[in-house]
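Please read the structure below before turning to the comments.
The values are calculated or read from the model by the stated rules, or taken from the named source; none is laboratory data. The structure displayed is predicted, hence computed values, not measured ones. Every residue, glycine as well, gets a Cβ built from its backbone with ideal geometry; the counts of neighbours run over all protein chains shown.
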Amino acid sequence: MTRLTTLTLLAAAAFAIALVTPTATADDRPNIVFIMSDDHGWQAIGAYGSTINETPNIDRIAHEGMRMDRYYVGNAICAPSRATMLTGLHTHANGMMDNRRAFDGSQRNVAKMLRAEGYQTAMIGKWHLESEPTGFDMYDRLVGQGPYYNPVLRAGGEGIDGYEDVEHIGYTTDIVTDRAIDWIEDERDPEKPFLLLVHHKAPHRDWQPAPRHLHLYDDDEIPEPTTLFDDWSGKGSAATMQEMMIARDLTKRDLKLVPPNGLTKGQFEAWTAAYAPKNEAFEAMKLEGDDLVRWKYQRYAKDYLRSVAAVDEGVGRLLDTLDHQSLTDNTIVIYTSDQGWYLGEHGWFDKRWMYEESFRTPFLVRWPRVIPAGTTSDALTQNIDIAPTMLAAAGEAVPADMHGVSMLPVLEGTTPDDWRDSLYYRYYEYPGWHSVRRHEGVTTERYKLIHFYRLDEWEFYDLEQDPDETRNAIDDPAYEVEIADLKRELARLKTRYQVPPGEHYEAPTNGRRD
Ligand code: CA
């Protein structure tokens, strides 16, 4: 063994002890900057091999840390995903099964737990859980969905009486980034380790770019996905019942054929100068059929990617701030989304399905002290693992009744042989926006089984042979054994996670939007 290797091992051993010793001084414990955007699909991130845009700043996290290639969510919609991130529980257990109710903030969450152990906790940006945040020394949250321009941020926190709504003028992605930087530079207690959640509204529908990005991609043609004109003949009937088609379901506002509300005079002028000439050209072409779908795809994809561009710049500014504050070495930086997204695949926009585009979600993580730079992992991980991972990184025990487990061994490059080999998924919100039918399912590294239980239809995909999920093989005798195995595995996971029998969900009638 070389001397260098020995020293490295000693250092690693010393660090491992620091991680599990409760008496470790505060200085030894890592800070956590958790950046979560809304609806950012992996197809639109350079580090994941994007062919449609570049994200050099988000990619920096992957280059200096780890790219997780098989990270998934448990319920691919905004509020449920956020509740799972905070609690380490699938949504049937934290109560946030859809977007239409208030999160029960009295329950255990990772911010409360870290704060109790001496962490300083802050949350900035999109919250979307209706009830006021609990467990944060400081929060500055968007009210409801939050607009792309000129947002109100609600300021509050533990020990602060009530809250204050403050109007901001500017582009929301930039304002959220600015607030996060101000908090790191000037407002936090430098004696304490911190947990900072930075939650972007972008690139959620309706994809309004910043003024500086209104002309980005003007001269480009965004490559189309191969399944843009999918007729869903290779899926089950649920796919034919949705309302999320680029061809049919994008509104004039989505397509920027009418301007958004709430812009200042200057913002409106910049907006109109960008879109009016393009819209006139579009009207003059009188497109129909597939040509019209192609135009809609281009308009949609460009605005989505423009919205991503501001997020990427914000990530770069945050990383620079950590550098300038000499915090980089012992700060965990995570970049993720609340779920994946359809960028024209199967002819769709939106999320919700257990298909790979929305179920699989980007997760990039950097922690120079622990994670070897430029690494990747295929381990099956899920948003139930976020809270356990944060707790473990802070040297805290993970409660046995959390559904997730710590990803630390995966991040360290020492994934154990008995790491999980399947994941549970469930989507509830139907009737609801975009009309995606209720379903649940299980995935392994290679196979996926989905049950649309109200339709009593099953779908089965071989992800190795059919990565785009265009051939439902549920009736293929060649997969008889695998399908039986997955049905058993689904039942086992439901027992493991104590999923109540039957529907155990009633759609509320107060239709809050996604
Ligand atoms: Ca979302």
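Within 21 Å of the chain's Cα centre (by Cα), within 30 Å of L391 (Cβ to Cβ) and touching a residue at least 40 places away in the same chain (Cβ under 8 Å), is that true of K192? No; evaluated as a whole, the condition is false for this residue.
Take the range 229-249 and flag every residue that is within 20 Å of D303 (Cα to Cα) and either touching a helix residue (DSSP H, G or I) at 6+ places or on another chain (Cβ under 6 Å) or among the small types (G, A, S) (or both).
Going residue by residue through the range 229-249, those that are within 20 Å of D303 (Cα to Cα) are 244-249.
Listed by number, the residues that qualify are M244, M245, I246, A247.
Here is the figure for the range 44-60: residues that are part of a helix (DSSP H, G or I) and crowded, with 22+ Cβ neighbours inside 10 Å total 2.
Give the range 68-82 a look and list any residue that's more than 9 Å from the ligand (Cβ to nearest atom) and in contact with a helix residue (DSSP H, G or I) (Cβ under 6 Å, 6 or more places away or on another chain), or say none. Steps first, please.
If we filter the range 68-82 for residues that are more than 9 Å from the ligand (Cβ to nearest atom), which is where we start, we get 68-75, 80.
Within the range 68-82, Y72, V73, G74, N75, P80 qualify.
Give the number of residues within the range 78-133 that are surrounded by fewer than 20 Cβ atoms within 10 Å (Cβ to Cβ), of a type outside the set (K, R) and in a loop (DSSP other than H, G, I, E, B). Number of matching residues: 11. Residues that are within 16 Å of the ligand (Cβ to nearest atom), in contact with a Ser or Thr (Cβ under 8 Å, 6 or more places away or on another chain) and either without any contact (Cβ under 8 Å) to a residue 12 or more places away in the chain or of a type in the set (G, A, S) (or both) do not occur anywhere in the range 84-99.
Criterion applied to V398, V333, V370 was being hydrophobic (A, V, I, L, M, F, W, C) and either surrounded by 22 or more Cβ atoms within 10 Å (Cβ to Cβ) or at pLDDT below 95 (or both), and the one residue passing it is V333.
No other residue among E457, E506 is more than 16 Å from the ligand (Cβ to nearest atom), within 30 Å of K201 (Cβ to Cβ) and either among the charged types (D, E, K, R) or touching a Gly at 6+ places or on another chain (Cβ under 9 Å) (or both) apart from E506.
Looking across the range 471-491, just one residue is within 26 Å of T240 (Cα to Cα), crowded, with 17+ Cβ neighbours inside 10 Å, of a type outside the set (A, V, I, L, M, F, W, C) and within 29 Å of the chain's Cα centre (by Cα), and that is N472. Considering (1) buried (at least 16 other Cβ atoms within 10 Å of the Cβ); (2) part of a loop (DSSP other than H, G, I, E, B), the lone condition that E243 does not fulfil carries the number (1).
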